[in-house]
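I have placed the structure first, in the form of C-alpha cells, so that the comments after it can refer back to it.
The values are calculated or read from the model by the stated rules, or taken from the named source; none is laboratory data. No experiment lies behind these values; they were computed from the predicted model shown. Cβ atoms come from the backbone with ideal geometry, glycine included; neighbour counts cover every protein chain shown. Note: accessible area is taken over every heavy atom of the protein model, side chains too, but ligands, DNA and RNA are not part of it. Shrake-Rupley method; radii C 1.70, N 1.55, O 1.52, S 1.80 Å.
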Amino acid sequence: MRRIGASLWFAWHSAGQNFKRNLGVSLAGVFTMGLIILLVGGALLFTHSVDSILQTQQNNASKIKIYISDSASLAQIADFQQRLKDDRRVISVAFETKDQAAKEASSDPDIQQALQTLGSNPLPASLNLEVKQLTDLAAFDKLAKATPIVDRTTATDYNPDVISKLHTVINVIEGIGIVIALILFAISLVIIMNTIRTAVYARRTEIEIMKLVGATDWFVRWPFILEGMLGGIIAAIFSGGIVFAGYHLFVQSAQRSLLSVPFDGGYAVTLLVLLLGGGALVGAFGSYLGVRRFLAV
Amino acid sequence: MSVAFAERFAMPAVVHGPRPVISFHGVSKVYGNHVVALREVDLAIHQGDFCFLVGASGAGKSTLVRLLIREETPSTGRIFVEGDEITRMARRKLPKLRRRFGIVFQDYKLLANRTVAQNVAFALQVTRPGQRHLREKVEEVLWIVGLEDKLDKFPDELSGGEQQRVAIARALVHRPHIFVADEPTGNLDPDTSWGIVQLLLQINHRGTTVLMATHNREIVDLVRRRVIAVEQGRVVRDEAQGSYLRPGDATL
Ligand SMILES: Nc1ncnc2c1ncn2[C@@H]1O[C@H](COP(=O)(O)OP(=O)(O)OP(=O)(O)O)[C@@H](O)[C@H]1O
Ligand SMILES: [Mg+2]
C-alpha cells in the first residue's frame, strides 16, 4: 500500500508540475479538447431536442380508432373495451358512439352535407385507443381484424405508411447524432494524441533517463496519463458549461417562437457527467498513445 | 569519505560464488552505421571484483556499458548478469535488471528540470517507491560527494565536475549490486577524483562489484586492481593487478 501510495503521489506531483511547466502545449491541448467536447455536447443535445419534438409527434401518432360494426351489442362492446383496457400496452380506451362520430365529423362541411343528404348516419361507432408504443399499433390493427364485432370493411384507421416513416425519421436522426459524436470522439483522440506527443517529444530524454535508471513503463506513463485526464476534465468543465448555457438559451428562444422544445434537465445533467467522463477518458487514452513510442528504451 | 558511509551504502559482503556476476560470451556490436564497436568479447567479472576498463577514445568502453543495461542489444553473442541472460530478456523485465546497477553515464544523464536532490531522490523513487527517510538518504549521499550545499540547484547551475558528482550520488543512493561508472572522474580535479576512487574502493570492500571505465592513468597505476584493456573493440589485455599501460609500452 505504501509503495502504491508513494508511486501515485509521485505521479500526481509530476503531472501537476508538468502541466504547469508545459503550460503552452497543455493549454493548446485543453483548448482543442474543449472545442471538440463542445461539438460533441452540442450535437448530442441538438439531436436530443429534435428527438423530443418528434417524440411529441409520435405520441400523437400512437392512437388508433377501431371501428365497431353497427350490429354489435353494447354488452359485446363493453366486453371488448374491457379486454383492451386490461392490455398492458394500452394507455387509454374511449368509446365513441355513432352520434359522437357524426358530431366530430360535422366540423367538415362536406361531410355534414353528405350526412344531411343521406338522412341516416353511416359513420361507425369506435373504440379510440391510445397505446404506449408506436410500434404496437400494427398488433392492435391485427387484433381488431380478428374480432367479430369490428367493422368488416374498414377495421381501423391504422395507416402503416405514415407511422413507419415517422419511425424511420426518428431512428435516422438518433443514428446521425451518435455517428457524429463518435466521429468527433475519434478526431479528438487523434488530436490529443498528437498534442501529447509533441509535449512528450520535448521530454524524450527525460523519459529515456528514467527508463535507463530502472523505471517501469507505468511509472513513466502515469504522470502523463493524469496530465491528460486533468486536461480533459478542465476542458469538459468549460465546454459542458457552455453547452448547458447554450441549451438553456435555445430552449427559451424556441419557446418564444412557439416551438415547443421541452427543457430536459435530467438529460442535460446526464450529458454533463458524460462529457466529464468522456473528457477524462479521451485525455487519458490520448496520453497513453502519445507516450507509447517514447517508452521503447 | 567515512567508513560509516561504506557500511550503510554498500551491499553486504558475499562469499565469492563460482558464477560470475557479469559474463560476455562472444559479444560483438555493430552499430547501424556499420561501425564495429565490439568484436568477439569474452569477459567474466565476479562478485566483489574491482575492474578498470581502459582504452583509447572510441575503443568501445561505453558500448560495453550500454550493452550491460540493455540500452543497446549486441549484434551477436550472449551476456549474463547475475545468472540471467539479458540479451534475450523480455522488455518488461528490464527495469528490474537496471535497478541492480548503479550507473554513472559518461554524459551524466541528469534530469534538467529537477534539482540536484530531486535527481538523486528519483533513483530511489524508481527503485524503491515508498522508501522511508528519503530526504535523509539523499542528503547523506550528496554530502558524501561534497554537494551538501547544492541540494536545490538545477544541473545547469552546476560546474561539470559537480554534475558528475550528482551522477555518482544518484548511482550510489539505492545501494546497487553492481556499480558501473563510465569515466566518472573525467571532469574532476586530482583530489576529488582520488576521493571518489577511495569511495568506490570502500563500497567494493563491502562486496559491491565495481566496473570503472577511465582514462586516468595515475589512478589505475596507483590502485593496482584488475585492468581490462580494450582496443578497437577487442579485449587485448586482462590482468588481475594491472597498470594503465602494458609494461614496457609507451602508449596504450
Ligand atoms: N550510437 C552509436 N551509433 C553509431 N556508432 C556509435 C554509437 N555509439 C558509439 N559509436 C561508435 O562506436 C565506437 C565505440 O564507441 P564508444 O562510445 O563505445 O567508445 P568509448 O571507448 O566509450 O570512447 P570514449 O573513451 O571516447 O568514451 C566508436 O567508433 C563510435 O563512433
Ligand atoms: Mg565512452
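Filtering the stretch B:178-187 to residues that are surrounded by fewer than 22 Cβ atoms within 10 Å (Cβ to Cβ) and in contact with a helix residue (DSSP H, G or I) (Cβ under 6 Å, 6 or more places away or on another chain) leaves only B:Asn187.
Each row is one residue, and each column tells you yes or no for (1) within 14 Å of chain A (Cβ to nearest Cβ); (2) among the hydroxyl-bearing types (Ser, Thr, Tyr); (3) not in a loop (DSSP other than H, G, I, E, B).
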| residue | (1), (2), (3) |
| --- | --- |
| B:Cys51 | no, no, yes |
| B:Gly58 | no, no, no |
| B:Ser62 | yes, yes, yes |
| B:Leu97 | yes, no, yes |
| B:Asn113 | yes, no, no |
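Scanning the stretch A:245-255 for residues that are open to solvent by 60 Å² or more (accessible area, probe 1.4 Å) and without any contact (Cβ under 8 Å) to a residue 40 or more places away in the chain turns up A:His248, A:Leu249, A:Gln252, A:Gln255.
Got at least one residue in the stretch A:196-216 being open to solvent by 60 Å² or more (accessible area, probe 1.4 Å), within 13 Å of another protein chain (Cβ to nearest Cβ), of a type in the set (A, V, I, L, M, F, W, C) and out of contact with any Leu (no Cβ under 6 Å at 6 or more places or on another chain)?
Within the stretch A:196-216 (the criterion being open to solvent by 60 Å² or more (accessible area, probe 1.4 Å), within 13 Å of another protein chain (Cβ to nearest Cβ), of a type in the set (A, V, I, L, M, F, W, C) and out of contact with any Leu (no Cβ under 6 Å at 6 or more places or on another chain)), the answer is yes, since at least one residue qualifies.
Within the stretch B:186-252, which strands (runs of 3 or more DSSP E) (wholly inside it) include 2 or more residues that are farther than 24 Å from B:Leu68 by Cβ?
In the stretch B:186-252, there are no strands (runs of 3 or more DSSP E) which contain 2 or more residues that are farther than 24 Å from B:Leu68 by Cβ.
Taking the condition of a type in the set (Gly, Ala, Ser) and in contact with a helix residue (DSSP H, G or I) (Cβ under 8 Å, 6 or more places away or on another chain), does A:Ala215 pass? I'd like the intermediate steps shown before the answer.
Values: of a type in the set (Gly, Ala, Ser): yes; in contact with a helix residue (DSSP H, G or I) (Cβ under 8 Å, 6 or more places away or on another chain): yes.
Yes.
Does B:Asp182 satisfy being within 14 Å of chain A (Cβ to nearest Cβ) and within 16 Å of ligand 1 (Cβ to nearest atom)? Taking the combined requirement at face value, the residue satisfies it. None of A:Ile225, A:Ile192, A:Ile178 is open to solvent by 20 Å² or more (accessible area, probe 1.4 Å), away from chain B (no Cβ under 14 Å) and assigned to a helix (DSSP H, G or I) except A:Ile178. Checked against the criterion of being open to solvent by 20 Å² or more (accessible area, probe 1.4 Å) and closer than 19 Å to A:Glu208 by Cα, the candidates B:Gln198, B:Gln125 yield just one match: B:Gln125. Count of the stretch B:157-174 residues, restricted to those that are modelled with pLDDT under 90 and open to solvent by 40 Å² or more (accessible area, probe 1.4 Å), is 0. Considering only the stretch B:204-235, state which residues are open to solvent by 40 Å² or more (accessible area, probe 1.4 Å) and touching a residue at least 40 places away in the same chain (Cβ under 8 Å). If the condition is that a residue be open to solvent by 40 Å² or more (accessible area, probe 1.4 Å) and touching a residue at least 40 places away in the same chain (Cβ under 8 Å), then B:His205, B:Arg206, B:His215, B:Arg225, B:Glu231, B:Gln232, B:Arg234, B:Val235 are the ones that fit.
Okay, residues lined up against (1) within 16 Å of ligand 1 (Cβ to nearest atom); (2) of a type in the set (A, V, I, L, M, F, W, C):
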site	(1), (2)
B:Glu71	yes, no
B:Val81	no, yes
B:Asn113	no, no
B:Val138	no, yes
B:Ile144	no, yes
B:Asp149	no, no
B:Asp152	no, no
B:Pro155	no, no
B:Pro176	no, no
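When B:His46 is tested against (1) open to solvent by 40 Å² or more (accessible area, probe 1.4 Å); (2) farther than 30 Å from B:Gly26 by Cα, only condition (2) is not met.
For A:Leu45, the conditions (1) at pLDDT 85 or above; (2) of a type in the set (A, V, I, L, M, F, W, C); (3) surrounded by 18 or more Cβ atoms within 10 Å (Cβ to Cβ) are fulfilled apart from (1).
Considering only the stretch A:228-243, I want to know if a residue exists there that is among the β-branched types (Val, Ile, Thr), part of a helix (DSSP H, G or I) and under 18 Å from the mean Cα position of the chain (by Cα). Yes, that holds for at least one residue. For the stretch A:167-174, state whether one or more residues are more than 26 Å from A:Leu38 (Cα to Cα) and either out of contact with any Lys or Arg (no Cβ under 7 Å at 6 or more places or on another chain) or open to solvent by 60 Å² or more (accessible area, probe 1.4 Å) (or both). Yes, the conditions are met somewhere in the stretch A:167-174. Among the residues here, B:Gly233 does not qualify as at pLDDT below 90 and more than 21 Å from B:Gly161 (Cα to Cα). Count of the stretch B:186-219 residues, restricted to those that are within 16 Å of ligand 2 (Cβ to nearest atom) and modelled with pLDDT of 90 or more, is 6. Residues that are closer than 27 Å to A:Thr168 by Cα, of a type outside the set (S, T, N, Q) and open to solvent by 30 Å² or more (accessible area, probe 1.4 Å) within the stretch A:87-135 comprise A:Asp87, A:Arg88, A:Arg89, A:Ile91, A:Glu130, A:Lys132, listed in sequence order. What do you reckon, is B:Thr73 closer than 28 Å to B:Ala229 by Cα, more than 16 Å from ligand 2 (Cβ to nearest atom) and within 19 Å of the chain's Cα centre (by Cα)? Considered against the rule, which asks whether it is closer than 28 Å to B:Ala229 by Cα, more than 16 Å from ligand 2 (Cβ to nearest atom) and within 19 Å of the chain's Cα centre (by Cα), B:Thr73 comes out as yes. Cβ separations smaller than 9 Å between residues 6+ apart or across chains give the following pairs from the stretch B:49-61 residues that are open to solvent by 10 Å² or more (accessible area, probe 1.4 Å) to residues that are near ligand 2 (Cβ under 8 Å from one of its atoms) and among the acidic types (Asp, Glu): B:Lys61/B:Asp182; B:Lys61/B:Glu183.
Could you check the stretch B:99-111 and list, in sequence order, the residues that are at the interface with another protein chain (Cβ under 9 Å from one of its Cβ atoms) and either within 18 Å of the chain's Cα centre (by Cα) or part of a helix (DSSP H, G or I) (or both)? Give the steps one after another, and end with the answer.
Initially, the stretch B:99-111 is screened for residues at the interface with another protein chain (Cβ under 9 Å from one of its Cβ atoms), giving B:99-101, B:103, B:105, B:109-111.
Residues satisfying the conditions are B:Arg99, B:Arg100, B:Phe101, B:Ile103, B:Phe105, B:Lys109, B:Leu110.
Among the conditions (1) at positive phi; (2) within 16 Å of the chain's Cα centre (by Cα), the only one that B:Arg224 does not satisfy is (2).
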